[in-house]
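The values are calculated or read from the model by the stated rules, or taken from the named source; none is laboratory data. What you see is a predicted model; the values in this text were computed from it and never measured. Don't worry about glycine lacking a Cβ; one is built from the backbone with ideal geometry, like all the others, and counts go over all protein chains shown.
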Amino acid sequence: MYGLGILKGMAITMKHFVDSYLDDIFWAARGGRYYNDEALKVRQGLKGRGVKTVFYPEEKLSVPERFRFVPFLVTEDPPPGQKWGKDWCTSCGICAKVCPPQCIWIERGVQPNGRPKPEPNEFYIDIDICMNCGFCMEFCPFDAIKLDHDYELASYDRTTAHIHDKERLSKPLSYWREIAPQKAAAEAAIRDHVEDLKAWKKEHGRDADPADAPQLSEEHTKQLFYRGEYY
C-alpha cells in the first residue's frame, strides 16, 4: 500500500517524541536528563530512549583510550609548586626525522662548557601540519612523546596558538596515566622488565644462560600484548 512506509516512519518519530518526555520525567529527580554525566552515558548507550542529542560544548562524549591527537612531551611528575618535572626527551631528534610532514623542530640544550645537553632547550610542533600519525610516539626510544586527547584547539590566531612550544607540550607522567591507563601500565611493565634484565646481566655476566634470565609475568605478557594491539 502506498504511504505505508511514511506511516511507519512517522510512528517511529512519535515513539521517540513520547519517549523523550517520559525520559525527562524519569531523570527529573536524578539531576535532570541534560548536562548530567550519568544521564549522558545512558542516553548514548543501548538503553537510551528518546532524543539522543549531545549539547556540545556543555556536554562532551568521552574519547576512547586509543584516540590520538596532537603529541605532547612526557616529564616526571613535578614537585609541589611546579607544572612538570624532568624531561624524558633527550632531544635525539628521531621524532623529527621520522615525521612525515616534518612538523617537529627541536633545539638541543647546551651545557655551560659548550657540550650537548641530553634534553631539549626548545621543542615546537606545528599542529596545522601534524597529521596525528603517531610515528613520533612509536619511534621514540625513551617513551617521551605521546598523543593527546585534547581536540579543542580551534583559535583565531594561527601564528601563536597553533605552534605549540615546549611549555605547552610538556605534561607530567600522571597525566598520561590518567588518559591512557592501560597503555601506560603496559609501558611501565616493559620498562620494569628491561631494568630487571639489565640487573640480571650485570650480576651474572655475559656468559650466563639466557634461559635463566627473568621472564615476563603472565600479567606483564598481557600488557605487552595490549601494546602490540595498540598500533
Practice item. Examine region 90-98 for a residue that is in contact with a Gly (Cβ under 8 Å, 6 or more places away or on another chain), part of a loop (DSSP other than H, G, I, E, B) and not assigned by TED's automatic domain parsing to the domain that holds Arg191, and state whether such a residue exists. Key: yes
Revision key, fill the gap. Taking region 101-116 and keeping only residues that are part of a loop (DSSP other than H, G, I, E, B), under 24 Å from His162 (Cα atoms) and either in contact with a Cys (Cβ under 6 Å, 6 or more places away or on another chain) or of a type in the set (Lys, Arg) (or both), one is left with Cys103
Check your understanding: Out of all the residues in region 34-75, which are of a type in the set (Lys, Arg), over 30 Å from Ile94 (Cα atoms) and part of a loop (DSSP other than H, G, I, E, B)?
Key -> Lys47, Arg49, Lys52, Lys60
Check your understanding: Quick check: anything in region 78-88 aromatic (Phe, Trp, Tyr), surrounded by 14 or more Cβ atoms within 10 Å (Cβ to Cβ) and in contact (Cβ under 8 Å) with a residue 12 or more places away in the chain?
Key -> yes
Practice item. Report yes if some residue within region 43-62 is in contact with a helix residue (DSSP H, G or I) (Cβ under 9 Å, 6 or more places away or on another chain) and closer than 23 Å to Ala161 by Cα; otherwise report no. Key: yes
**Study point:** Qualifying position, being under 30 Å from Ile129 (Cβ atoms), among the aliphatic types (A, V, I, L, M), surrounded by fewer than 13 Cβ atoms within 10 Å (Cβ to Cβ) and touching a Leu at 6+ places or on another chain (Cβ under 9 Å), among Leu73, Leu61
**Key:** Leu61
Point to revise | Among (1) surrounded by fewer than 14 Cβ atoms within 10 Å (Cβ to Cβ); (2) touching a residue at least 12 places away in the same chain (Cβ under 8 Å) - the single one Leu147 does not satisfy | key: (1)
Study note, to complete from the structure: Residue count, region 107-121, condition small (Gly, Ala, Ser) and loosely packed, with under 14 Cβ neighbours inside 10 Å, comes to 1
Exercise for review: Exactly one condition in (1) closer than 23 Å to Thr75 by Cβ; (2) free of Cβ contacts under 8 Å to residues at least 12 places away in the same chain is not met by Gly114; state its number.
Suggested key: (1)
Check your understanding: Within region 127-139, is even one residue on the phi > 0 side of the Ramachandran plot, part of a loop (DSSP other than H, G, I, E, B) and touching a residue at least 60 places away in the same chain (Cβ under 8 Å)?
Key -> yes
Practice item. Hey, could you check region 122-134 for residues that are loosely packed, with under 15 Cβ neighbours inside 10 Å and in contact with a helix residue (DSSP H, G or I) (Cβ under 8 Å, 6 or more places away or on another chain) and say which is nearest to Glu187 (Cα to Cα)? Key: Glu122
Review point. What are the residues in region 26-39 that are over 11 Å from Val51 (Cβ atoms), of a type outside the set (Ser, Thr, Tyr) and surrounded by 10 or more Cβ atoms within 10 Å (Cβ to Cβ), if any?
Key: Phe26, Trp27, Ala28, Arg30, Gly31, Gly32, Asn36, Asp37, Glu38, Ala39
Point to revise | Pairs where the first residue, in region 45-63, is on the phi > 0 side of the Ramachandran plot and the second is among the charged types (D, E, K, R), C-beta under 6 Å, 6+ apart | key: Gly50/Asp19; Gly50/Asp23
